[in-house]
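The values are calculated or read from the model by the stated rules, or taken from the named source; none is laboratory data. Just so it is clear, the structure is predicted and the values come from calculations on it, not from any experiment. Counting neighbours? That spans all protein chains shown, and the Cβs are built from the backbone with ideal geometry, glycine included. Heads up: the accessible areas ignore ligands, DNA and RNA and are worked out on the full protein's heavy atoms, side chains in. Shrake-Rupley method; radii C 1.70, N 1.55, O 1.52, S 1.80 Å.
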Amino acid sequence: MVVDSSCSLSELSLQLWPESETDCERAQQLADQLHLPVCPVDTDPQQLDEVAMLLRVGSRGLALQQTGPKAPGPVQVDFLAGAVAHRRRFGGGSGQQIAKAIGIKPGVRPRVADLTAGLGRDSFVLAGLGCEVQMVERMPVVALLLEDGLRRAAFDSEVGEIVARMRLYQGAASQWLANCDPHPEVVYLDPMFPHSSKSAQVKKEMLLFRTLVGADEDADELLELALAKAEYRVVVKRPRKAPTLGSRKPSYSLEGKSGRFDIYTLKAMK
């Protein structure tokens, strides 16, 4: 993956942080690639005020760490353990709502473009069900976390086969859509929803993403671009009570306890 440095990481007040002396060489390589400074090994993230985030470089891979007092713990892409691994084993397979929304059924595994890849969790679910998934992530630092997670998972005897069906493009979704060939059979969107002061405390991953990118203000435009390129359908993941994107109403929706999938059908899936 080639990182597009036109989106300046330095504007995010981001620095690299090697976890030990042995990690300094890798940290310096990334620093040269991304044009970012490197913190001392003994840095305490809770004592930093002038730096918003640290990209931790260690033997367990890359992790993004917010700074300051009471900052949440590091965020890492890990397809081998935790909630992602639990969902792979016990998540319900093709009976999951996301599988139904995408159009997975016996003998049908559509090619999916996840244009808001984030930490890759939904892409991993779909790849685990047999779909070829093209991930698109516009934030360079998030794409680095994704690339690192894919690289580590590729060597696992169980998960390697799944991540082999996942490809990553770092850049604007509109740019990828303009040049994609063939067109995706299904486009999947999970845009960042504007934060409400009335909402409950969100997970540390969402706090981090809001710090990085805020709300996806171009989500309505992206939906229209996706509808022009998708072969069979566009699927939009939304909070359960959130309004639909843009002015076009979905063909139908699948609703759960806290979220829903709005499905825009273009033609019957083969």
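Quick notes on this structure:
- When we screen Cys39, Cys24 for residues that are modelled with pLDDT of 95 or more and out of contact with any Gly (no Cβ under 9 Å at 6 or more places or on another chain), the only hit is Cys24.
- For the residues Leu129, Leu115, Leu146, the requirement of being in contact with an Asp or Glu (Cβ under 7 Å, 6 or more places away or on another chain) and either β-branched (Val, Ile, Thr) or closer than 30 Å to Ala228 by Cβ (or both) singles out Leu146.
- Top-ranked residue of region 1-13 - restricted to ones that are touching a strand residue (DSSP E or B) at 6+ places or on another chain (Cβ under 9 Å) and part of a helix (DSSP H, G or I), ranked as modelled with the highest pLDDT: Leu12
- For Leu222, the criteria (1) within 17 Å of the chain's Cα centre (by Cα); (2) not in a helix (DSSP H, G or I) hold in every case but one, which is (2).
- Of the residues contained in region 14-27, none is found to be in contact with a strand residue (DSSP E or B) (Cβ under 9 Å, 6 or more places away or on another chain), in a loop (DSSP other than H, G, I, E, B), farther than 19 Å from Met139 by Cα and open to solvent by less than 30 Å² (accessible area, probe 1.4 Å).
- Considered as a group, the residues in region 183-207 that are more than 19 Å from the chain's Cα centre (by Cα) and modelled with pLDDT under 95 include one that is nearest to Arg138 (Cα to Cα), and that residue is Ser196.
- Taking first residues from region 97-117 that are without any contact (Cβ under 8 Å) to a residue 40 or more places away in the chain and partners that are open to solvent by 10 Å² or more (accessible area, probe 1.4 Å) and part of a strand (DSSP E or B), the Cβ contacts under 9 Å between residues at least 6 apart in sequence or on separate chains come to Ala99/Lys105.
- Selection from region 119-143 of residues that are assigned to a loop (DSSP other than H, G, I, E, B) and open to solvent by 10 Å² or more (accessible area, probe 1.4 Å): Leu119, Leu129, Gly130, Glu132, Arg138, Met139
- Looking only at residues of region 160-181 that are part of a loop (DSSP other than H, G, I, E, B) and touching a residue at least 40 places away in the same chain (Cβ under 8 Å), we find that the one that is surrounded by the most Cβ atoms within 10 Å (Cβ to Cβ) is Gly171.
- In region 42-57, the qualifying residues are those that are among the β-branched types (Val, Ile, Thr) and within 24 Å of the chain's Cα centre (by Cα), and the one that is modelled with the highest pLDDT is Val57.
- Test: Arg165 is in contact with a helix residue (DSSP H, G or I) (Cβ under 6 Å, 6 or more places away or on another chain), modelled with pLDDT of 95 or more and of a type in the set (Lys, Arg): yes
- Taken over region 144-159, the criterion of being of a type outside the set (Asp, Glu) and either open to solvent by 60 Å² or more (accessible area, probe 1.4 Å) or in contact (Cβ under 8 Å) with a residue 60 or more places away in the chain (or both) is satisfied by Leu144, Leu145, Leu146, Gly149, Leu150, Arg151, Arg152, Ala153, Phe155, Ser157, Val159.
- Contact map, region 124-139: first residue closer than 10 Å to Ala99 by Cβ and among the basic types (Lys, Arg), second residue open to solvent by 20 Å² or more (accessible area, probe 1.4 Å) and modelled with pLDDT under 95, Cβ cut-off under 6 Å, separation 6 or more or different chains; the map is empty.
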